[in-house]
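Here the structure is laid out as structure tokens; the discussion comes afterwards.
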Amino acid sequence: MDDDIRFHNWWNFYRRGAARLREGDVEAAREDFERCLGLRPGAKYGYARDKWRARTYGMHVLEGYYPNRELGICLFLLGDTTGAEKHLSTSLRQQPSGRAKHYMNRVRRARLDAARLPPPRLVLDTPPDRLWTHARSFVLTGHAEGEGYVRDILINGDPEFIELAERSLTFSRTLPLHPGLNEIRIEARDLLGRETAQTLRVMADWRGPELLIRSMTREAAGWRARGVCMDDDRLVSATLQLNSTPTALLDPPASRQRLEVDFTIVDGHPAAFEATDRAGNTLRVDLAHMAHSLSGNAPLQTASSLPFGLLDTGRPFPALFAKADPDDDDRVRPSILVNGPLVSTLYQEAYHLDGQIDDRGGLARVTLNDRDLLPSGERGALSYSFSQRLPLAPGENRFELVAQDMNGNRSVKQLALTRETPPPLDRRYRLSLGLPPPLGDPALNEQLCRRLYAAFEEEPVRFNIVANTAAWAAISADALTDNGVDLEPYLGLARRLRAETLVVCSVAREGAGRSIYARVIDPQDGEILFVDDVYSETLEDALPYHVAGLANKIERRFPLFRGEIVKAFKRQFTIDKGAKDGVRTKAKVIVMAPPLANEETGAVRMADGLPVELLVTRAARDCGVAELTRSGAKEIVKEGDIVFAR
């Protein structure tokens with residue numbers, strides 16, 4: 001190394017300073033970093049900017065040139081926290097890195113060590129009182145703040161990935177819910193180890209209100225119905241609408257579990273009932289349909305002309321019609337009305353099933369996939385209206401709704417609901433990613449490779465990993481040199497495997513710790529799009545945390561934006577999303593037709609059996625300009641079409 005110093009180039013001093021720092025000679029390393037920055041005489045000239053790729057001479061480059069960062073670390077180790085903070089701040093401004101953030105945290109902690117400061121504060125966008133929701137998941141958002149710099153935020157014990165402690169940090173996490181009470185614990189910790197915590201209680205209620213009609217009697221104006229509306233928690237509103245005039249039956253302050261109802265349905269006039277619980281589940285019942293269904297629900301073997309009516313005894317009257325033969329039984333099956341299609345393809349994780357079941361002989365049992373719905377104390381009700389939110393697994397979901405009356409007659413409705421991934425999240429349209437095994441640390445590479453694959457496979461999947469490990473592993477480890485990584489072997493293989501993006505990772509020992517560097521490259525032209533890294537002094541112990549953080553940093557560079565084509569001219573198209581939305585030059589998007597009425601999403605535009613794709617050629621702040629990647633699709637793409645990121 002000293003032989004190289006005879007040339008007195010800034011990069012010679014930088015390399016020697018890095019070696020001296022690894023060996024623990026901090027003062028000598030400090031002098032070398034000051035020389036390469038031009039702060040101390042010795043180099044022919046200084047180069048004072050931290051850069052990932054710094055050109056040395058000719059076509060040669062030095063990867064990972066961080067003189068401000070390394071000088072800041074030396075000053076910290078020598079006890080000069082003011083100078084350390086100055087140079088670390090410069091490094092973070094010029095070329096952010098995990099190692100600089102790690103030492104900035106240590107500098108700030110050292111400066112705060114003697115301070116008497118309050119612990120951090122947690123501010124949730126949702127008050128911590130018990131919440132009620134009918135959703136399958138809950139989006140927790142808020143921020144933590146404190147004079148001691150927020151270092152850690154944990155949600156149900158799972159830490160957010162935070163590299164640099166800040167006075168204020170926002171957080172957002174989507175959490176799955178289970179039925180009933182869900183307790184979410186949020187903790188915040190500052191650089192001095194002081195912490196604060198809050199517990200948010202969320203009640204998930206997926207069963208809506210129910211309306212049970214116990215009796216109906218004929219009156220001059222129509223049918224008088226009596227029954228009860230109930231909920232497993234609390235009803236907050238109930239409205240009866242007769243002849244287009246809504247009447248509130250329950251005011252919000254008077255919320256309760258049960259509400260007795262007594263109303264008259266006028267012949268030939270619309271009538272509806274609506275109730276909502278405090279989780280937001282809503283039941284809507286067409287009362288005119290119910291009256292029509294019950295009045296027409298007569299035993300098939302009976303031809304009586306007597307008027308329809310039920311004895312008002314509080315119990316169902318089993319024989320509603322005078323029969324020619326008193327020994328004849330009721331053979332009429334219950335009527336089942338499901339408000340929605342029985343066969344459908346959906347993109348949500350839950351299906352709102354509401355329906356109405358009527359029988360003049362009284363209902364004995366109602367089940368959904370053998371689960372009882374009809375309350376046990378309401379056997380014999382003439383009409384049962386219900387509302388449920390059914391969880392849907394990916395693929396086909398089958399449900400069987402069965403109603404049985406008091407005489408044993410059964411009716412069955414079967415639902416086939418197929419849950420699909422919406423096109424913008426479908427992995428079929430994701431970019432293909434070449435992910436070779438990492439370089440630089442044989443003892444760590446295999447575990448690191450597995451962790452990277454697992455992190456990129458977490459839903460929602462952002463990339464399709466090109467799985468050809470043997471081919472990647474065949475590339476010689478000599479690709480890692482003193483100046484960085486020789487990318488040519490990786491680029492050639494990525495093109496042969498048709499990978500659209502390439503990530504080459506390497507592990508570098510730096511001081512007391514190690515950094516994992518990820519170079520993200522466009523294989524077509526070899527351009528390094530960006531470099532991200534993480535740093536740790538205990539990398540083996542915290543490997544899952546840091547690898548997940550590195551994968552997250554890479555995925556954030558490829559946001560799943562969705563936009564609309566606002567202008568089409570020949571092969572060029574303007575979309576309404578730009579750099580502020582994460583759109584960047586070279587981004588690829590899929591074109592989709594706008595959804596039709598009553599559809600959740602439109603169909604992906606196809607040309608010659610392939611999805612129509614656009615390539616962003618220019619990204620302004622508020623809009624992007626894109627061109628077709630293949631000819632033959634010009635007439636297919638139209639203004640108003642939807643685009644989503646690949």
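The values are calculated or read from the model by the stated rules, or taken from the named source; none is laboratory data. On a predicted model such as this, the values are computed, not experimentally measured, just so you know. Neighbour counts run over all protein chains shown; Cβ positions are idealised from the backbone, glycine included.
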Condition met for Arg185 (of a type outside the set (S, T, N, Q) and outside any loop (DSSP other than H, G, I, E, B)): yes
Quick one: would you say Arg234 is in contact (Cβ under 8 Å) with a residue 24 or more places away in the chain, assigned to a strand (DSSP E or B), farther than 21 Å from Leu131 by Cα and not β-branched (Val, Ile, Thr)? no
Within segment 421-436, restricting to residues that are surrounded by fewer than 17 Cβ atoms within 10 Å (Cβ to Cβ) and of a type outside the set (A, V, I, L, M, F, W, C), the one that is nearest to Gly602 (Cα to Cα) is Pro422
Taking segment 358-373 and keeping only residues that are outside any loop (DSSP other than H, G, I, E, B) and surrounded by 23 or more Cβ atoms within 10 Å (Cβ to Cβ), one is left with Asp358, Leu363, Val366
Would you mind telling me which numbered condition in (1) over 30 Å from Pro159 (Cβ atoms); (2) surrounded by 14 or more Cβ atoms within 10 Å (Cβ to Cβ); (3) touching a residue at least 40 places away in the same chain (Cβ under 8 Å) Lys567 fails? (2)
What is the one condition in (1) farther than 26 Å from Arg379 by Cβ; (2) modelled with pLDDT of 95 or more; (3) in contact with a Ser or Thr (Cβ under 8 Å, 6 or more places away or on another chain) that Ala221 does not satisfy? (2)
Does Thr199 satisfy the condition of being in contact (Cβ under 8 Å) with a residue 40 or more places away in the chain, outside the structural domain of Tyr545 (by TED's automatic domain parsing), of a type in the set (Ser, Thr, Tyr) and exposed (fewer than 14 other Cβ atoms within 10 Å of the Cβ)? yes
Just a yes or no: is a residue in segment 96-104 touching a Lys or Arg at 6+ places or on another chain (Cβ under 9 Å) and surrounded by fewer than 20 Cβ atoms within 10 Å (Cβ to Cβ)? no
Could you look through segment 427-479, keep only residues that are charged (D, E, K, R) and more than 19 Å from the chain's Cα centre (by Cα), and pick out the one that is modelled with the highest pLDDT? Arg451
Strands (runs of 3 or more DSSP E) wholly in segment 442-548 with at least 2 residues that are touching a residue at least 60 places away in the same chain (Cβ under 8 Å) and outside the structural domain of Glu63 (by TED's automatic domain parsing) - which ones? 501-510, 513-521, 528-536
Suppose we filter segment 20-60 for residues that are under 19 Å from Ser97 (Cα atoms) and hydrophobic (A, V, I, L, M, F, W, C); how many remain? 6
Counting only residues in segment 570-580 that are in contact (Cβ under 8 Å) with a residue 60 or more places away in the chain and touching a Leu at 6+ places or on another chain (Cβ under 9 Å), the one farthest from Arg646 (Cα to Cα) is identified as Arg571
State yes or no: is Gly193 at pLDDT 90 or above, part of a loop (DSSP other than H, G, I, E, B) and among the small types (Gly, Ala, Ser)? yes
Name the residues in segment 136-164 that are assigned to a loop (DSSP other than H, G, I, E, B) and either free of Cβ contacts under 8 Å to residues at least 60 places away in the same chain or in contact with a Leu (Cβ under 7 Å, 6 or more places away or on another chain) (or both), would you? Arg136, Asn156, Gly157, Glu160, Ile162
Being in contact with a helix residue (DSSP H, G or I) (Cβ under 9 Å, 6 or more places away or on another chain) and surrounded by 22 or more Cβ atoms within 10 Å (Cβ to Cβ) is the filter; apply it to segment 482-500 and report the residue that is nearest to Cys74 (Cα to Cα). Tyr490
Against the condition of a type in the set (Gly, Ala, Ser), in contact (Cβ under 8 Å) with a residue 12 or more places away in the chain, more than 29 Å from Pro391 (Cβ to Cβ) and not in a strand (DSSP E or B), how does Ala115 come out, does it pass? yes
